[in-house]
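Single-structure report; data block below.
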Amino acid sequence: MRLIDRLEHATGLDPLVQAGQRAARLVRPGRIRDVLHGIWLGHPLHPLLAQAATGAWLSAGVLDCSPGQEEAARLLTAVGLAAAGPAALAGAADWSEQHEQQMRVGVGLASLSGAGLLGGHLAFRLAGGANHAEEVPHLIKPGWHYLMKSAELPEGKPVRQQVGEIPVVAVRARGEVYVLADRCSHMSGSLSDGDLDGGCLTCPWHGSMFRVEDGSVARGPATAPQPTFQVREVGGALQIMLPGAG
């Protein structure tokens, strides 16, 4: 584990990281990249494709040792090959939108043979691809909470507020007030530092876009939606409640 920790801080890998990032970003933000990120699936696509390829090849190896199963083994080998290419593309798309530490480990993942160990380190130790807003419903108490005075929320400008342990971002768009969890589900960037345009908030870190109306992903690399609060105005004050909190 200490060896992998040193890999995270191995700045000598940065030229490889930068070259790989440039290559991965040849697929520009848009529909194809969003498909590779897995926005349509609701979580990263890469692990699913990687498991499909690994499972197919493992099954092919078992069948290859069984009499009369040669055709089935060849079919599963072909299935694994068909899944491997898209898995590599999806993995590269996700990897290119991580922090430097994750990308250095990713270079190690490509250059060393310990794919399972390093991939697990990326996912579970460094939380690459994890939903960084998942804990929000568990950290905020049920019921309505005071947010701010309604008059203090301007039109079209994101405002960061704190509700208990949870930072939230409030926006007034076309006269309606919307409140979302402030930390981006992709890598915890502060959405209140981003731009509001066309009913969407853009994360300033990696460009993920979320619809303020319901928190859904309009553009990746984020795949998980932002927790979205209900809003009401009482006596000139804004109050919020998160359905399913607690």
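Points to keep in mind about this one:
- Residue that is surrounded by the fewest Cβ atoms within 10 Å (Cβ to Cβ) [pool: residues in region 144-178 that are modelled with pLDDT of 95 or more and under 20 Å from the mean Cα position of the chain (by Cα)]: PRO167
- Candidate set from region 218-246 (those that are among the β-branched types (Val, Ile, Thr) and out of contact with any strand residue (DSSP E or B) (no Cβ under 6 Å at 6 or more places or on another chain)); member that is modelled with the highest pLDDT: VAL234
- Residues that are within 13 Å of ALA92 (Cα to Cα) and in a helix (DSSP H, G or I) were ranked within region 36-52; the one that is nearest to the chain's Cα centre (by Cα) is HIS37.
- Residue among SER185, SER192 that is of a type outside the set (D, E, K, R), buried (at least 18 other Cβ atoms within 10 Å of the Cβ) and in a loop (DSSP other than H, G, I, E, B): SER185
- Residue list for region 137-152, filter: touching a Leu at 6+ places or on another chain (Cβ under 7 Å) and of a type outside the set (S, T, N, Q): PRO137, ILE140, LEU147, MET148
- Residues of region 203-246 that are part of a strand (DSSP E or B), farther than 22 Å from PRO142 by Cβ and free of Cβ contacts under 8 Å to residues at least 60 places away in the same chain: MET209, PHE210, ARG211, ALA218.
- Residues in region 53-104 that are touching a His at 6+ places or on another chain (Cβ under 8 Å) and either part of a helix (DSSP H, G or I) or farther than 30 Å from SER208 by Cβ (or both): ALA87, ALA90, GLY91, ALA93, ASP94, GLN101, ARG104.
- Scanning region 127-169 for residues that are among the hydrophobic types (A, V, I, L, M, F, W, C), in a loop (DSSP other than H, G, I, E, B) and over 20 Å from GLY244 (Cβ atoms) yields a total of 2.
- Residue in region 170-179 that is more than 22 Å from GLY236 (Cα to Cα) and in the same structural domain as HIS145 (by TED's automatic domain parsing) present: no
The values are calculated or read from the model by the stated rules, or taken from the named source; none is laboratory data. What you are looking at is a predicted structure, and each value in this text was computed from that prediction instead of being measured. Cβ sites come from the backbone with ideal geometry, for glycine too, and all protein chains shown count toward neighbours.
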